[in-house]
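Inspection log for the structure reproduced underneath, given as structure tokens.
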Amino acid sequence: MIRRFRLEQKGRYEKLVIAQRLSDMVDKYLNGCPAPLLIGAEQGGIGEWDDVVIYHAGEHFEHFQIKRQTTPFCDKHIDKADYIKSYTPKAGSKAAASATPVVPPDSAIDSELDKAMKSLSAWSLTPQSKQPPARAFSLILLGLEVALKGKRSDFITANHLHEFCRLCKQDGLDLAALSSRADTPTQNVYKWLTTWCGFTDWDHVRQTMRALTIHAVGSEENLEERACESLGRHFNVPRATLEKLVGYISTSTTDVNAISCHAMANHLKDARRSDAVTWTQYLMKPLAGSSWMVAGTHNLNGTTSLPVPHAATEVVGHHWTAGGNNRKLRLHATYCPPTPNTVALPSAILRLALHLKSGSHCLLLGEPLWRQGAGNELGRTLGISENDLDELPWIDNSEALSCASGRELSTILETRDESSALHRAMNNLVWEQLQARITTRLNSVSDTPLLAALEPKWRSWAAELTADAAARDSLFEQLMYPKTEGLDGKHALRIGPRTADLMETAILMLLLVCVAIGNDDGNWREIPNIGEVLSIALKNWSGASGDHSGARPVADELMAVLGPSPAPVVILAGVEGSPTSLLESGMADDFETSNSMAAERQPKLLVTRFGVLKYLRTGTLAQLQGQFKRHWDAWRDTREAAIEAYGEGH
């Protein structure tokens, strides 16, 4: 019964050693720090050293030998020859009755540790040991005081072997000096390795011991404490999580199965803390410009969800929705300017990074260049203010992560598919948010006739724009990228959660204008009897194409924003000033710089948010229509007065 109990304890100890290392791996992985990739058993192909094998980044294996030993491993002589001389067969055995000395077989006299070291020695002499992958070996013990070999008066401890291995690892070690070192533990370790364990000479010993490390990891209680400390940073009940992890190890480490950090974290996801760190990494592989790796913990959300059409949907959903902190988007690629008419993967990730939710950060390789590039592509503004890019939660980071469960994008076509999927997911999410926002605003309309006019029109628009992604994308581009600005709207960097307020206001303005003067047929494209509609959501813009003087308010440069041939109906949803004051200022500026007929450059109807949005909260349909009739009359009178005042030949 005692023997069985001790075997069970040993099994528990081995599992706890694995659990502690796996806890550390998961801790690092969830924190977005470099971590080993896989942990398994009996996969390394090196006899006694296949109990536990960890696969590190860079094709590096670490082999474990776990020994829960409190008593001496072996009390035989340190020198095997001395033991053979003193060997006496058991009374009554055939060897005892033999007239000639009998040498016992190694299998009968070797300790478990002897066998392990002999296996390491034999492997180190094979050609495979000189070839990749690199391998390291770890002997895991309770403590360094345990005896490895020898009699009570002359023995080797784990600490002696530990110090010996430490010496062998030193650069510039003089092998002759080591071999002649007048140190009893050093000479005893060498004697044990060469007489019992199959090592041939000092060079063989030194080269092999450089790869061996002795770890004293303590008792079961010590291992549990360290594992719970690592797990406690991410999981609600660390000890219960540890037991779940130990149970998972029992069923998931075999010679044909290994555990990855992602698989383990996914298994434990229901126990994760709400404030736990999550991350996504896009890594461009060095020396392979079209090859990327995508990995992360963004899909460890603790809930069961329906299958998504593309993995990029999970990335966007995680980083662009509210409800979580400590999210990290990692981009390990150098910035390069975008190619015209091509939506490359870096541009899609840049868009994702520009609109991160509060509590999120983006870690970029060469962050200053990315920040500068984003400024150039955006004209220094998202359209909200003149300093939209000043407080981006971006951090310079040169350290890439390694992950065994990442998706590889190995061709240009695959990276473009990822880019398209990201943009599609971002556009869909923005559209979903806009629909929810506008529905909320319509719920606040107090006048029933106004709501009866607005809601059916909105439902009709929403259905059409949901079904026609191209039409929706075209509307987004018109709202956020005035053609006169000359920026590439296909990259859609301005379209995201940070600019949702601008687009929401612009769509509400479109609805109100159509209800006020468009009857049943007015929509975001045109208003019957007046003409096409141009709606601009921006408060600030970067200036006309070729102007690099920085962001400035749209209201300050009306004529430059509208261009030489504006649409008949122009809605400036981001401008607070009255249309008539803008007209007067814009006409005057235009005549100061040109002899053209400025009045003919004016739209038939210019609408700003001045006095319009209030009707959603406190107005009526009749008041809205009356306001726009007065607005239309005033605008027409002002336009005609401008033509008369300045004249065609002015």
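The values are calculated or read from the model by the stated rules, or taken from the named source; none is laboratory data. What you are looking at is a predicted structure, and each value in this text was computed from that prediction instead of being measured. Note that each Cβ is placed from the backbone with ideal geometry, even for glycine, and that neighbours are counted across all protein chains shown. Note: accessible area is taken over every heavy atom of the protein model, side chains too, but ligands, DNA and RNA are not part of it. Shrake-Rupley method; radii C 1.70, N 1.55, O 1.52, S 1.80 Å.
Checking each residue in the range 168-194 for being crowded, with 18+ Cβ neighbours inside 10 Å and under 20 Å from LYS80 (Cα atoms) picks out ASN188, VAL189, TYR190, LYS191, TRP192, LEU193, THR194. Scanning the range 107-141 for residues that are crowded, with 21+ Cβ neighbours inside 10 Å and either modelled with pLDDT under 90 or more than 41 Å from the chain's Cα centre (by Cα) (or both) gives LEU113, ASP114, MET117. Of all residues in the range 435-450, those that are touching a residue at least 60 places away in the same chain (Cβ under 8 Å) have Cβ atoms under 9 Å from Cβ atoms of residues that are open to solvent by 60 Å² or more (accessible area, probe 1.4 Å) and part of a loop (DSSP other than H, G, I, E, B), 6 or more apart or on another chain, in SER446/THR618; ASP447/THR618. Within the range 217-247, being out of contact with any strand residue (DSSP E or B) (no Cβ under 7 Å at 6 or more places or on another chain), of a type outside the set (A, V, I, L, M) and closer than 21 Å to THR278 by Cβ holds for GLU229, SER230, GLY232, ARG233, ASN236, PRO238, LYS244.
Of all residues in the range 112-142, those that are over 20 Å from TRP202 (Cα atoms), touching a helix residue (DSSP H, G or I) at 6+ places or on another chain (Cβ under 7 Å) and among the small types (Gly, Ala, Ser) total 0.
Conditions (1) part of a loop (DSSP other than H, G, I, E, B); (2) open to solvent by 10 Å² or more (accessible area, probe 1.4 Å), marked per residue:
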| position | (1), (2) |
| --- | --- |
| ALA471 | no, yes |
| SER474 | no, yes |
| LEU479 | no, no |
| ARG494 | yes, no |
| MET503 | no, no |
| VAL513 | no, no |
| ASN529 | yes, yes |
| HIS548 | yes, yes |
| VAL561 | no, no |
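When restricted to residues that are open to solvent by 60 Å² or more (accessible area, probe 1.4 Å) and either in contact with a Leu (Cβ under 8 Å, 6 or more places away or on another chain) or under 30 Å from TYR29 (Cβ atoms) (or both), the range 429-443 contains 1. For first residues located in the range 275-304 and under 19 Å from SER419 (Cβ atoms) and of a type in the set (Val, Ile, Thr), partners that are open to solvent by less than 40 Å² (accessible area, probe 1.4 Å) and modelled with pLDDT of 75 or more and lie 6+ apart or on another chain with Cβ distances below 6 Å form the pairs THR280/GLY296; THR280/HIS298; THR280/VAL315; THR280/LEU329; VAL294/TYR282; VAL294/GLY406.
Mind checking whether some residue in the range 271-291 is farther than 24 Å from SER398 by Cβ and in a helix (DSSP H, G or I)? Step through it out loud before you land on a result.
Keep residues of the range 271-291 that are farther than 24 Å from SER398 by Cβ, which gives 271-276.
Among the residues that remain, those that are also in a helix (DSSP H, G or I) are: 271.
The answer is yes, given that some residue of the range 271-291 is farther than 24 Å from SER398 by Cβ and in a helix (DSSP H, G or I).
Of all residues in the range 569-582, exactly one satisfies the criterion of being in contact (Cβ under 8 Å) with a residue 40 or more places away in the chain and surrounded by fewer than 19 Cβ atoms within 10 Å (Cβ to Cβ), namely THR580. Residues in the range 235-261 that are farther than 12 Å from ILE39 by Cβ and at pLDDT 85 or above: PHE235, ASN236, VAL237, PRO238, ARG239, ALA240, THR241, LEU242, GLU243, LYS244, VAL246, GLY247. Scanning the range 380-391 for residues that are closer than 23 Å to HIS332 by Cα and in contact with a helix residue (DSSP H, G or I) (Cβ under 7 Å, 6 or more places away or on another chain) gives a single hit, LEU389. Within the range 531-546, can you find the residues that are part of a strand (DSSP E or B) and of a type in the set (D, E, K, R)? The one that is part of a strand (DSSP E or B) and of a type in the set (D, E, K, R): GLU532.
State whether the residues of the range 464-475 include one that is in contact (Cβ under 8 Å) with a residue 12 or more places away in the chain and of a type in the set (S, T, N, Q).
Taking the range 464-475 as the starting set, the residues that turn out to be in contact (Cβ under 8 Å) with a residue 12 or more places away in the chain are 465-466, 469, 472-473, 475.
With the extra rule that they be of a type in the set (S, T, N, Q), the set shrinks to 466.
Yes: the range 464-475 contains one or more residues that are in contact (Cβ under 8 Å) with a residue 12 or more places away in the chain and of a type in the set (S, T, N, Q).
Among the candidates LEU401, LEU429, LEU382, the residue that is touching a Gly at 6+ places or on another chain (Cβ under 7 Å) and part of a loop (DSSP other than H, G, I, E, B) is uniquely LEU401.
Counting only residues that are over 16 Å from LYS28 (Cβ atoms) and outside any helix (DSSP H, G or I), the range 243-270 holds 6 of them.
Given the criteria β-branched (Val, Ile, Thr), open to solvent by less than 50 Å² (accessible area, probe 1.4 Å), at pLDDT below 90 and outside any loop (DSSP other than H, G, I, E, B), does ILE66 qualify? When the stated conditions are applied, ILE66 does not pass them.
Can you tell me which residue is farthest from VAL575 (Cα to Cα) among those in the range 620-642 that are of a type in the set (Gly, Ala, Ser) and modelled with pLDDT of 90 or more? Reasoning before the result, please.
Narrowing the range 620-642 to residues of a type in the set (Gly, Ala, Ser): 622, 626, 634, 641-642.
Those left that are additionally modelled with pLDDT of 90 or more: 622, 626.
Numbers: ALA622: 24, GLY626: 21 Å.
Step by step, filter the range 620-642, then rank; the result is ALA622.
Please go through the range 384-399 and give me each residue that is of a type in the set (A, V, I, L, M, F, W, C) and either within 27 Å of MET284 (Cβ to Cβ) or within 21 Å of the chain's Cα centre (by Cα) (or both), ordered by number.
Let us first name the residues in the range 384-399 that are of a type in the set (A, V, I, L, M, F, W, C), namely 384, 389, 392, 394-395.
Within the range 384-399, LEU389, LEU392, TRP394, ILE395 qualify.
For SER398, the criteria (1) surrounded by fewer than 22 Cβ atoms within 10 Å (Cβ to Cβ); (2) closer than 25 Å to LYS490 by Cβ hold in every case but one, which is (2). Summed over the range 420-457, residues that are over 20 Å from HIS318 (Cβ atoms) and of a type outside the set (A, V, I, L, M, F, W, C) total 14. Within the range 259-273, track down each residue that is buried (at least 19 other Cβ atoms within 10 Å of the Cβ) and of a type in the set (A, V, I, L, M). Listed by number, the residues that qualify are ILE259, MET264, ALA265, LEU268.
Looking across the range 129-156, the residues that are within 18 Å of GLU59 (Cα to Cα) and in contact (Cβ under 8 Å) with a residue 60 or more places away in the chain come down to PRO132, PRO133, ALA134, ARG135, ALA136, PHE137, SER138. State the number of residues belonging to the range 78-106 that are touching a helix residue (DSSP H, G or I) at 6+ places or on another chain (Cβ under 7 Å), open to solvent by 40 Å² or more (accessible area, probe 1.4 Å) and at pLDDT 85 or above. The number of residues fulfilling the criteria is 1.
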